1. So how do 66-72, 228-234 stack up, highest first, on mean other-Cβ count within 10 Å?
2. Expected output is a single nm value to one decimal: the length gained when fully extending between residue 208 and residue 73, i.e. 0.36 nm times separation in residues minus the C-alpha distance. What is it?
3. I'd like to compare 28-38, 152-162: which one has the highest average count of other Cβ atoms within 10 Å, and what's the full order after that?
4. Which residue, chosen from 39, 6, 26, occupies the Cα position most advanced towards the positive end of the dipole of the stretch 1-61, where the dipole is computed from +1 (Lys, Arg) and -1 (Asp, Glu) charges on Cβ about the Cα centre?
5. In nm, to one decimal, how far is the modelled label at residue 151 from the one at residue 56, with both set 7 Å along Cα→Cβ?
6. Sort 26, 197 by Cβ crowding within 10 Å, fewest neighbours at the top.
7. Could you calculate the contour length gain from residue 136 to residue 216, that is, 0.36 nm times the residue separation minus the distance between their Cα atoms, to one decimal place in nm?
8. Compute the length gained on full extension between residue 6 and residue 178: take 0.36 nm times their separation in residues and subtract their Cα-Cα distance, giving the result in nm to one decimal.
Amino acid sequence: MGLDKLLVPIYKQSSSITFISGRRGYGKTDFAFRIGEDGLEDHFFDKIAANVELSRLDPRCILISYYNTLEEWLLTEGKKLYILDELGKEAYRMDFLSAKSKVIMKLCQLVRKYDAHLIGIAPSDTLINKLFMNTDILDAHMVKMSKKIVQLKNYVTFKMSYLTEIPRTTIPFKTKYIAQFELKDPAKRRQLETLPYKERVALLYLKHRSLRKVGRLMDLSHEEIRKILEKYVASKDVALSTVNSAVDGI
């Protein structure tokens with residue numbers, strides 16, 4: 001089918017942030033996946049991920065329910081779309097100082113930085129932190145009026161229009177799945193803890209790029225962390241400056 005021409009100005013950009021709202025049962029998540037599959041067909045996106053589980057394997061989309069995993073995925077090659085369902089639960093307007101609310105705002109910054117696209121979904125904008133709803137952040141607010149009709153507030157073209165007769169997505173997601181979005185994947189933490197001590201320090205340094213931050217995480221001084229890193233890279237016959245260069249390329 002391909003992407004509707006009214007949506008092209010939004011998704012032909014290098015990055016975008018979209019909010020979809022509407023009553024329960026009106027097909028908000030279905031519509032988000034429809035945008036995704038049409039965008040794939042027209043090469044606006046190369047890959048899709050969502051915090052919504054699929055009912056069967058489909059190479060067009062993967063499940064990502066953790067922020068640290070999503071951050072890594074955003075660093076990968078290609079034009080990416082991430083669908084964040086149940087956004088209201090994560091960025092509730094009265095809970096603007098919560099860890100998750102702050103992470104959602106950081107996610108918006110990462111999406112812009114790494115030339116990706118984000119679609120957030122919630123029943124109403126009254127549930128969302130007003131910072132997220134700022135038109136300096138949003139490129140579009142789409143309101144599902146029914147299963148077949150969408151009101152489009154396009155902040156790229158500054159026009160309001162309607163999409164009608166919207167077909168259902170062919171991406172097989174679980175309609176009864178309660179979408180989750182957590183800060184850290186516990187499996188990754190367990191994997192880190194199984195590494196040898198020096199490798200754990202090196203990996204944390206590559207991730208955070210800060211001796212002091214790694215020191216706080218490992219309960220050591222930044223000078224102790226530096227010595228551990230120097231011994232580690234010496235054992236691998238690599239200069240610490242080379243590690244720093246590698247970090248800059250990540």
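All of the numbers you see were taken from the coordinates with simple rules; none came from a lab. This is a predicted model, so every value here is computed, not measured. Don't worry about glycine lacking a Cβ; one is built from the backbone with ideal geometry, like all the others, and counts go over all protein chains shown.
1. 66-72, 228-234
2. Contour length minus Cα-Cα distance gives 46.9 nm.
3. Most protected by this proxy first, the peptides run 28-38, 152-162.
4. 26
5. 3.8 nm
6. On the way: 26 20, 197 10.
Sorted ascending by nearby Cβ count, the order is 197, 26.
7. Contour length minus the Cα-Cα distance gives 25.3 nm.
8. Length gained, residue 6 through residue 178: 58.9 nm.
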